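Contents: one structure, followed by commentary.
Readers should treat all values here as calculations from the given coordinates under stated rules, not as data from a laboratory. For clarity, every value in this text was computed on a predicted model and none was experimentally measured. Here the Cβ positions follow ideal geometry from the backbone for every residue, glycine too, while neighbour counts run over all protein chains shown.
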Amino acid sequence: MMNKKVVVSAVSIILVVGVTLGVIGIVSYKNKGSSNNEQQETNTQNKAVAYLCQNSDDPKLCHDTLDSVNSTDPKEYIKAVVESAMKTVISSFNLTDKIEVEHRNGSTRGIKMAVEDCKDLLQSAIAELQASGVLVQENNARSVTDREDDLKNWLSAVIAYQQSCLDGFEAENEGEKAVQQQLQTGGLDNVEKLTGLALDVVSGISELLSVFDLDLDVKPASRRLLNKVDTEGYPTWLSSRDRKLIEQPNTGHPINGPNAVVAQDGSGQFKTIQEAVNSYPKGFEGRFTIYVKAGIYNEYVHITKKQPNIFMYGDGPTKTIVTGNRSYTSGWKTIQTATFTTVADGFTAKSMAIENTAGPEGHQAVALRVMGDRSSFFDCAIRGYQDTLYAHAKRQFYRNCEISGTVDFIFGYGSTLVQNSRILIRKPMDNQQNIVVADGTANKQMRTGIVLQNCQIMPDASLNADRLTIKSYLARPWKAFSRAIFMENEIGDLIQADGYLPWMGSMYLDTCYFAEYANSGPGAATNNRVKWGHGVLTKDEATQYTAESWLQASTWLPATGVAFDSVFTKA
């Protein structure tokens, strides 16, 4: 069975690669028939490359990648770095195939699980780069810059997957550490470097167009990859039935009934949530609605990339509960501990609870892992202890939710906004401290981070009596450019006056970005905050972390039916 899995996986990647490299191949230089024109174009090209590479973390890599681009069309520079990143990801994927075969017999379960996770993550990285290549291929340079948010979203996800792959190997385990190093030197380190370079180039193109006056007059931009919306903010694929459903978001039940009903008592079509998810028709278009009746569902739910636009709702977070207890200490990798995982775009959940009951002694034990773009959660409870909410990648929105935990309980690599929610800090183990946020932004150009707006950050009942003796912090820097923003929140007295905790000595303290704006409550005073945090934002600075700027909310949130504040709620 394993042999077949490896062969099929490798063949599928070969097919994807063939299509992708054809789509994003570099356009060859066309002789314009004039030496003067050629010289002028060469000079412009050299200046453009120098401009794009001047602030790169690795100028040599930048020049090595871009110098061969025989064009003054700025989008060709993006195509070049995307193609280079794609080749490196493919090479890394092939290496995981090789390692999987080598370790099929006799290896530890930990190595096998980590390599399996890497393979899945790298396949997702290939999909993101393929989408980036198609976007650049089908749009002119000016329109590509208009799609900068989408490009950065996809490219940031590639780095998220690369980092997550490496995270899966236990550094204290010699066998796992050896495989991790093999993957790093075999290509994964270059994946981060080249994708980071792609983010640098995308960020520099807008300025390049202005500086060199390269507003090219070429074919109109294609919008095929956009999540198309009409004048009312709804996707064009949304049916009239779905419009009625989302225009009455608080009724609890769709007007014409859901596509699937889950009930443990047999009154629905399915007794488990996963069975309902598996009933998603192949090639389905539109919104697929799943109603989960009241009950405690002890199962592990996984929504795949091929099941987009699912709307799942229950009878309330105290009645419809999905529960699991996988944890690091019981032998699972962090990714695989999740009770509920969704990697599909456009997922919306409402009025239900998702929990991991492993307890603080379980250490890493994820309740919810979200990897799909434009995911939203309304009136949901996400309960756990360490690593409760894994906001793994892409744009995510949480509203009127309850999120509870102990250590790093809101973490990940996504562009995440939690709005109007209760953040409950629970009682940890005796030797632990509480940290609300651990963001994984690993590259300075990644458009990622965790934003909490208009939330209540308070002790759970289990911690209340000890809230002033057990130390609790807002965030700590998990990765080099970790970003956590707290604005318009009510912060309880349990938060330490210094606010933030180092990860490991002075690591990342010079590059992380922790900032606050217009918070209130006894824990909101900023005069004794750590000196290495960014500090207090101005209103203009804070605006970039509101729903519209941070998530491009108006292009997709109206279609979910989830309420949101596009800008500030109080200030």
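Using the empirical formula 2.2 N^0.38 Å as the baseline, the Cα radius of gyration of the stretch 240-560 reaches a ratio of 0.97.
The simple Förster model, with R0 at 22 Å and r as the Cβ-Cβ distance, assigns Thr318 and Gln274 a FRET efficiency of 0.50. Which entries of Lys75/Lys282; Lys152/Lys305; Lys87/Lys479; Lys119/Lys333; Lys394/Lys479; Lys394/Lys570 show an alpha-carbon separation above 23 angstrom in the structure shown? Listed pairs above 23 Å: Lys75/Lys282; Lys87/Lys479; Lys394/Lys570. Working from Cα pairs under 8 Å separated by at least six residues, relative contact order for the stretch 295-349 is 52 percent. Rounded to the nearest whole Hz, the Karplus-based 3J(HN,Hα) values (6.51 cos²θ - 1.76 cosθ + 1.60, θ = phi - 60°) of the stretch 268-281 follow the sequence x, 7, 9, 9, 10, 5, 4, 4, 5, 4, 5, 7, 4, x, with x at glycine and proline.
The stretch 143-177 and the stretch 382-451 have Cα centres separated by 17 Å. The chymotrypsin sites (Phe, Trp or Tyr not before Pro) of the stretch 453-482 include none that DSSP puts in a loop with a beta carbon having at most 15 other beta carbons within 10 Å. By other beta-carbon atoms within 10 Å, ranking Thr560, Thr304 with the fewest at the front produces Thr304, Thr560.
Counting only aspartates and glutamates at least 8 places from Lys293 when in the same chain, those with an alpha carbon closer than 13 Å to its own are Asp265, Asp315. The separation of the stretch 61-140 from the stretch 458-500, counted between C-alpha centres, amounts to 37 Å.
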